[in-house]
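Written out below as structure tokens is the structure these notes cover.
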Amino acid sequence: MQKQITLYTTFSEIEGLVPGAKVSLNGLTIGSVTRADFVSGRTDIIITMNIRDDININRNSIAVLYETGLIGGKAISIESNYQEAEPIVSGDTLPSKIKPGFTELVNRQIAPLQEKIVSTLTSVDSLFNGVSNVLNENTQNNLKNTLENLSISLENINKASIVLSDLLISNQKNFSNTMDNLSSTSNNLTKITDSIASISFINTIEQYEKVAVNMNDILKSLKSGSGTAGKLINDDSLYFRLTNASKSMELLLNDLKNNPKRYVHFSIFGKKDKSEKNN
């Protein structure tokens, strides 16, 4: 197992950073966040990180808190300072900074424009007074309403961006579970495929071929007339004998039926019947 060292850094706020978040250097993961808690007696938050002990960075390096994406939460990136300085050792605390996220960048773009519109609205009455001879009252009201609606639209855009960011952060766990379930389903399908592949279809086919060969041998033997069964099937003389025997038996039975006296010569007492004497 790779040996690790423990480093610390502090931030004023860490919304979205949780234990287990990755710590990277130049895009490569070198460790993870193991703990987050308040600095004793202050509102700043101290972060505990475990990183590989073979990473060559110095004490002037900076721990940067940044957004990993719209649904990826936050992580820490180490900006290494390659100027001459002492290398880090376990227990060191790195300086820190926070990289602006998506919501903050949107706010930075909208805020200056919104301030200008608000400033324009505060002086619009003076402007209208100065040009009252040029613009009638309806035109003045229409222009004022247009500027007010524009300000409201900008505020709604700002609120929407905040709601979107909060929604993505709050559902981060659900997105992660969905991806885990997909991975688990893929693994189960792989196991089922492996089980089907392990069935010995080749052995079954080989056994079937052996049975087919034996059946062919038996049929050939019967056809050639070899063996008792073959002789019974192929020798016509047996058929004729059985036929003649059947005919002889039939004639005997008919004669016995028509002339029973030919076959019965004594009574049950050992004497001939009277009718037989007369004959």
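The numbers here are math on the coordinates, done by the rules we state, and not lab data. The shown structure was predicted, so the numbers you read here are calculated from the model rather than taken from an experiment. Cβ atoms come from the backbone with ideal geometry, glycine included; neighbour counts cover every protein chain shown.
Its alpha carbons considered, the range 12-74 gives a radius of gyration followed by a Dmax of 12.4, 35 Å. Proximity of backbone amide H atoms, modeled 1.01 Å from N, is registered between residue 21 and 33 at under 5 Å, excluding neighbours fewer than 5 places apart on the same chain.
Look at the Cα gyration tensor of the range 1-40: its axes a ≥ b ≥ c give a/c of at least 1.5 with a/b over b/c, and that counts as prolate.
The string of couplings for the range 141-150 from the Karplus curve (6.51, -1.76, 1.60, θ = phi - 60°) is 5, 4, 5, 5, 5, 4, 5, 5, 5, 5 Hz, one whole number per residue in order, with x for Gly and Pro.
List the chymotrypsin sites (Phe, Trp or Tyr not before Pro) within the range 1-83 that fall in a DSSP loop (any state other than H, G, I, E or B) and whose Cβ has at most 13 other Cβ atoms within 10 Å. Can you show the working numbers first?
Values: sites: 8, 11, 38, 66, 82; in loops: 82.
Within the range 1-83, the qualifying chymotrypsin sites (Phe, Trp or Tyr not before Pro) (loop, at most 13 other Cβ atoms within 10 Å) are 82.
Local charge sum around residue 14 (other residues, Cβ-Cβ under 11 Å, Lys/Arg +1, Asp/Glu -1)? Don't skip to the end; give the middle numbers.
Working: positive: 74; negative: 13, 15, 37, 44.
Net of charged neighbours comes to -3.
Among the listed pairs 220/247; 3/74; 74/144; 3/97, a Cα-Cα separation exceeding 32 Å is found for 220/247; 74/144.
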